[in-house]
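Okay, so here's the structure we're looking at.
The values are calculated or read from the model by the stated rules, or taken from the named source; none is laboratory data. Everything numeric in this text was worked out from a predicted model, so none of it was measured. Positions of Cβ are backbone-derived with ideal geometry, glycine not excepted, and every protein chain shown enters the neighbour counts.
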């Protein structure tokens, strides 16, 4: 994926390298100026060094490292207490001052406590969290599978079959809908193929709650911009508060990517998506309209909930699996609708033209 970005010297937001103005604050961008990044335990530093057979926290025997990135490292381990395989997520406190350690520790504990309280078929169970040797650790279900990013890399053109994409989308709407309807709603905020696991049975797991947040009603805007360029909704760049509709936007990006193979980080302008029919005219019109609806720049114009998105995806799936009989073979009464006879969750008159938010500089419209 493309990672060529330029950072605003005023607010620190990331924009495409070719951009002239900062998306977040409108400041003119100067190539070569990089702000000091906000350091967090998710940004590198002395992780991934545990050797096989190392005993962690007097309980977990490290088997192998299965992943490493800017966020830290992930190991496969054996829980010696219960004899089960677990995934150990490791995050470093390296290069943090005392205040930053306190803040990052609180964020880590919030993530651990948040995950420990959640129970859903599309979420890994969290068993334990602890600190050792200047690093944080989270012990959870070991998922035998791969990220959707790796999974699609093995497919020609990175395009998955339509029904498979719909099935993935339905699973994601269920787990995200579950998060959004907790007593205190949880906004995931970083939905992307790298944070979704898929098993050989095509079961989906949502992973990495590092930037998830508890939704606070009435808050005008988020204090910090979180998310991944290309997948994050416009409001995640600090102009407004993230809501469940921010996750709906990100899910729309993923559906678009899996159906077309187009990397959203290559968009120019950043938030411009070609209609699905541009890539494949054979894709269902209802699906193209739904994805365009989810990708509205103005969050108020998107579907209101994951429940609505799920119902529409399920309706489209039924039509694809059981196409209606042709008019020539099945007579239709004058009172029957021209379509399947079942009203859609969303208006069919919706067009793929996106609204333009007034605060967006011209290069993002």
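For region 267-277, indicate whether the set of residues that are in contact with a helix residue (DSSP H, G or I) (Cβ under 8 Å, 6 or more places away or on another chain) and within 24 Å of residue 204 (Cα to Cα) is non-empty. Yes, region 267-277 has at least one match. Residue under question is residue 127, and the condition is that it be touching a residue at least 40 places away in the same chain (Cβ under 8 Å), assigned by TED's automatic domain parsing to the domain that holds residue 280 and in contact with a strand residue (DSSP E or B) (Cβ under 7 Å, 6 or more places away or on another chain); does it hold? Considered against the rule, which asks whether it is touching a residue at least 40 places away in the same chain (Cβ under 8 Å), assigned by TED's automatic domain parsing to the domain that holds residue 280 and in contact with a strand residue (DSSP E or B) (Cβ under 7 Å, 6 or more places away or on another chain), residue 127 comes out as no.
Table: residues versus (1) out of contact with any strand residue (DSSP E or B) (no Cβ under 7 Å at 6 or more places or on another chain); (2) farther than 15 Å from residue 207 by Cα; (3) not assigned by TED's automatic domain parsing to the domain that holds residue 65.
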site	(1), (2), (3)
97	yes, yes, no
100	yes, yes, no
106	yes, yes, no
109	yes, yes, no
116	no, no, no
119	yes, no, no
122	no, no, no
132	no, yes, no
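Residues in region 248-268 that are modelled with pLDDT under 95 and part of a helix (DSSP H, G or I): 265, 266. For region 164-172, does any single residue satisfy the condition of being touching a residue at least 24 places away in the same chain (Cβ under 8 Å), out of contact with any helix residue (DSSP H, G or I) (no Cβ under 8 Å at 6 or more places or on another chain) and surrounded by 18 or more Cβ atoms within 10 Å (Cβ to Cβ)? Within region 164-172, one or more residues are touching a residue at least 24 places away in the same chain (Cβ under 8 Å), out of contact with any helix residue (DSSP H, G or I) (no Cβ under 8 Å at 6 or more places or on another chain) and surrounded by 18 or more Cβ atoms within 10 Å (Cβ to Cβ).
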